[in-house]
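Q: One structure follows; several queries about it will come next.
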């Protein structure tokens, strides 16, 4: 959504007015304000501890000199680490406590049932 907001904003108002930093503010503090929430939207003492961390040392990010722009423009679709409510939920790209192989097996079984009736 932030990437689309960047693109649409730039089409309407120009790239010099709609920066990645401005869009990040819309996605964080701005979204919190729209929800009427004062406990989220920024990293600060007393706020909800939610954050996502991305490695920027991959080929897709190599042409960017700006880490915020890289996240919005270079397909940062999978976080390396995610914290929700102060607890790590994703570590090294894997959801903590998720039996991925079991989930895949369950999904395949459900898909077969849909196809075979």
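Every read-out reported here was derived from the displayed coordinates using simple, explicitly stated rules and does not represent laboratory data. As the structure is a computational prediction, the values presented were derived from the model and not from experiment. All Cβ positions, even for glycine, are placed from backbone atoms using ideal geometry, and neighbour counts span all protein chains on display.
Q: What's the extension gain from residue 55 to residue 89 if we count 0.36 nm per residue and subtract their Cα-Cα distance?
A: Length gained between residue 55 and residue 89: 10.6 nm.
Q: Say each of residue 65 and residue 38 gets a label point 7 Å from the Cα, pointing the same way as Cα to Cβ; how far apart are those two points in nm?
A: Label at residue 65, label at residue 38, 4.1 nm between them.
Q: Given all pairs of different Cα atoms, what value in angstroms does the Kirkwood hydrodynamic radius of segment 1-68 take?
A: Result for segment 1-68, one decimal place: 13.7 Å.
Q: Still on this structure: Return the distance in nm (one decimal) between the two label points of a simple spin-label model at residue 98 and residue 110, each offset 7 Å from Cα along Cα→Cβ.
A: With each label placed 7 Å out from Cα toward Cβ, I get 1.3 nm.
Q: Given (i) 188; (ii) 136; (iii) 97, which label gives volume of the Cα convex hull per residue in Å³ as computed from the coordinates?
A: Derived directly from the coordinates: (i).
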